[in-house]
Amino acid sequence: MCDQVNHNLIETMDALKESEERFRTIFDRAFDGILLADPEEKMLVTGNQAICDMLGYGQEELSCLTVYDIHPQEHLAEVLDQFERMNRGEVSIVHDIPLKNKQGGILYVDISCSHLSIGGERCLMGIFRDTTKRKQTEEESKQWNERLEGLVLERTRQLEAVVAELESEIIERRQAENLLRQRRSDAQELYGGVIQSLTTLQTSLRNMVYLPAEDVVFKMGDMHMLVEEILEKLRKGNLTALL
């Protein structure tokens, strides 16, 4: 009976050892960083090589750190809030969490988490995927979009200025055309009046041939007034042309 119990115990221990070795192999060879932390004390328990490379710490250094040590001070409140939500099971994945490495550099990660029991101790296991390049690409894309929007706005303002200038020029040309049209109308009216006066003068001169000598002097006064009228029209026409 004791032999059977011992045999079963040995098999169980071997199975546990094999399972642990399999887990350790997966743990160490994972491309993503894996980190185990005490959810109450927020102490880091252990991590795989990928998380060590990501943070720049060795295994022994890692186990001496806390959650507070691997995140930027200015983002701690947000990070701790997400940590508590993950611990309560409210969320299983969080995005774009800032990490601070040993040299003080900042990188960004997506973290998926689950609970794990090791040696009877409850731990929070996080799988860290580096999204720094994606974050940089998104930021660069955002900057380019903002720059393009700025260029579009500037080009729009320039086009609006050109349109306004063209509209102003069109208005000025229309005003000039209207003024020219009015001057032409005035000139035609003046021309008609002068022609009429000259025709009258011509008729009077022809009729003077048949007048008695005593009437010629009287008619000369009428013709003088007619000539003054023509000259006055011409002076007005000259003044209109100069305006």
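Among the residues of the range 90-109, those identified as in contact (Cβ under 8 Å) with a residue 24 or more places away in the chain and touching a strand residue (DSSP E or B) at 6+ places or on another chain (Cβ under 8 Å) are 95, 96, 97, 98, 99, 100, 101, 106, 107, 108, 109. The strands (runs of 3 or more DSSP E) found wholly in the range 84-144 and carrying at least 2 residues that are within 28 Å of the chain's Cα centre (by Cα) occupy 93-100, 106-118.
May I ask you to say which residue of 201, 242, 226, 190 is out of contact with any strand residue (DSSP E or B) (no Cβ under 9 Å at 6 or more places or on another chain) and modelled with pLDDT under 65?
Values: 201 fails: modelled with pLDDT under 65; 226 fails: modelled with pLDDT under 65; 190 fails: modelled with pLDDT under 65.
Selected residue: 242, the only one of 201, 242, 226, 190 that is out of contact with any strand residue (DSSP E or B) (no Cβ under 9 Å at 6 or more places or on another chain) and modelled with pLDDT under 65.
The residue list 107, 124, 62, 99 contains one member that is assigned by TED's automatic domain parsing to the domain that holds residue 51, surrounded by 14 or more Cβ atoms within 10 Å (Cβ to Cβ), closer than 16 Å to residue 33 by Cβ and in contact with a Gly (Cβ under 7 Å, 6 or more places away or on another chain), which is 62.
Among the residues of the range 30-48, the ones that are in a loop (DSSP other than H, G, I, E, B) and on the phi < 0 side of the Ramachandran plot come to 8 in all.
Conditions tested, residue by residue: (1) touching a residue at least 40 places away in the same chain (Cβ under 8 Å); (2) surrounded by 10 or more Cβ atoms within 10 Å (Cβ to Cβ); (3) over 22 Å from residue 44 (Cα atoms).
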site: 120; (1), (2), (3): no, no, no
site: 130; (1), (2), (3): yes, yes, no
site: 141; (1), (2), (3): no, yes, yes
site: 145; (1), (2), (3): no, yes, yes
site: 153; (1), (2), (3): no, yes, yes
site: 160; (1), (2), (3): no, yes, yes
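The values are calculated or read from the model by the stated rules, or taken from the named source; none is laboratory data. Remember, it's a predicted structure, so these values are computed and weren't measured experimentally. Cβ coordinates were reconstructed from backbone atoms using ideal geometry, including for glycine residues, and neighbour counts include every protein chain displayed.
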